[in-house]
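The block underneath contains the structure these notes are about, expressed in structure tokens.
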Amino acid sequence: MTAVFVDAQTEAHTHLIKVRTGDFNLQKVDEINSVSRAFVGGEIDFDQLQQRIEAIDRKVIDFTWPQKIFGAGLVSVAPMLLFKATWADLAWAFFVGIAGYLASQWVGRQTTTPYITSAVGGFTIALLAAALVQWGWATSSDNIIISALMPLVPGVALTNSLRELIGKHTISGMVRAVDAVLVAGAIGGGVVLGAVLVRILAGV
Amino acid sequence: MDIIVILTEIVFGFLSSVGFGVITNVPRRTLMASGITGGLAWGVYVIVDQVSGNLILPNLLAAVTIGVLANIAAIAVRAPVNVMYVPCLVSLVPGAIIYMSMKDFTLGHDATAQQGLIKTLTVAFALAIGFVLAEALMNQLRPWIKRLMRRA
């Protein structure tokens, strides 16, 4: 889907590297950035640069799982819905969001099929939210779903793609915008499936 | 508007940004800065939304806030500014609207779905243009801020 073009000013060859798009890891971006700054500034030579980059590639830079789970929970309480949804619903959204995030991460590890991760995340969230309302523990499944979807939804990707379009990086901007729409479609489909499933089960 | 309400909104905006920063693995030294930027930008959004009530202006001004504060923070903690932007954006971004519009397409409510899609594009463009404005502003201010920080 995405690729990096490496070009030398003195040669006609262009090297094209395909990028396996998966998770964000901004920490690696930051480390590569500081290493290349050191290289351009003449603080390290080319061999050191190569070593450092290989080290960054191999190193697992990550927050721990408990931290990530807590983070997903925090994102799931959307500020957009404060004073619009009830506080109990927002508290439920915290846990439902964690479940959806974990489900999509787990599926992402099992399969390489694109977009299925978002669909499963949406499905899990809708299933739990509808079930909570069905049992009478929560008031509005819509509010819980919208809030809990925040970690999965491609809003940041869409905004960044428009920033790329405005910056005249037309191709990568278009690619990301289409990707964002497809991700949102997958989530929407998953949510509808989950909600329908609960309705069928409750109807029986 | 109640001051307590605004403070609560800012706190939740802060928490949201920090949480998204953890999910997307931002470097630890930028986590606090982007959390504060995200919270303040959300505060700007809420206040402008109350005062003006239209769709574009709150998003635009919030994006300008993020652009300016994130650039200053990026100079202070020495990190790429794009790494700062991503977590700050999470509460402003039209993720919920694009999801609802896609859900409407799935359910066959075509008219509301198209409305939602246009709303999504409006919000996203407002944010993107806000960033362009902030970048233009910061290009003028950056040398001045750097000088100021070196003295401090």
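Screening residue A:68 against (1) closer than 30 Å to residue B:44 by Cα; (2) surrounded by fewer than 19 Cβ atoms within 10 Å (Cβ to Cβ); (3) among the basic types (Lys, Arg); (4) under 21 Å from the mean Cα position of the chain (by Cα) leaves a single unmet condition, (2). Reported count of residues in region B:50-70, each being farther than 17 Å from residue B:12 by Cα, within 14 Å of chain A (Cβ to nearest Cβ) and in a helix (DSSP H, G or I), is 9.
From the list B:111, B:73, B:124, the lone residue that is assigned to a helix (DSSP H, G or I), under 25 Å from residue A:101 (Cβ atoms) and out of contact with any strand residue (DSSP E or B) (no Cβ under 6 Å at 6 or more places or on another chain) is B:124.
In region A:71-97, the residue that is farthest from the other protein chains (Cβ to nearest Cβ) out of those that are surrounded by fewer than 16 Cβ atoms within 10 Å (Cβ to Cβ) and not in a loop (DSSP other than H, G, I, E, B) is A:88. Only one entry in A:53, A:32 is surrounded by fewer than 19 Cβ atoms within 10 Å (Cβ to Cβ), within 20 Å of residue B:28 (Cα to Cα) and within 14 Å of chain B (Cβ to nearest Cβ), namely A:32.
Residues being within 19 Å of residue B:132 (Cα to Cα), touching a Gly at 6+ places or on another chain (Cβ under 9 Å), surrounded by fewer than 24 Cβ atoms within 10 Å (Cβ to Cβ) and in the same structural domain as residue A:103 (by TED's automatic domain parsing) are entirely absent from region A:183-200. Checking residue B:86 against (1) touching a residue at least 40 places away in the same chain (Cβ under 8 Å); (2) at the interface with chain A (Cβ under 8 Å from one of its Cβ atoms); (3) β-branched (Val, Ile, Thr); (4) within 21 Å of residue B:48 (Cβ to Cβ): exactly one of these is not met. Which one? Residue B:86 satisfies all of (1) touching a residue at least 40 places away in the same chain (Cβ under 8 Å); (2) at the interface with chain A (Cβ under 8 Å from one of its Cβ atoms); (3) β-branched (Val, Ile, Thr); (4) within 21 Å of residue B:48 (Cβ to Cβ) except (4).
Taking the criterion of being within 11 Å of chain B (Cβ to nearest Cβ) and part of a loop (DSSP other than H, G, I, E, B), the residues of region A:123-167 that qualify are A:149, A:150, A:151, A:152, A:153, A:154, A:167. Of all residues in region B:29-42, none satisfies being surrounded by fewer than 22 Cβ atoms within 10 Å (Cβ to Cβ), more than 24 Å from residue B:135 (Cβ to Cβ), more than 11 Å from chain A (Cβ to nearest Cβ) and touching a residue at least 12 places away in the same chain (Cβ under 8 Å).
The values are calculated or read from the model by the stated rules, or taken from the named source; none is laboratory data. These numbers were taken from a predicted model, which means no experiment stands behind them. As a convention, Cβ positions derive from the backbone with ideal geometry for all residues, glycine included, and neighbour counts pool all protein chains shown.
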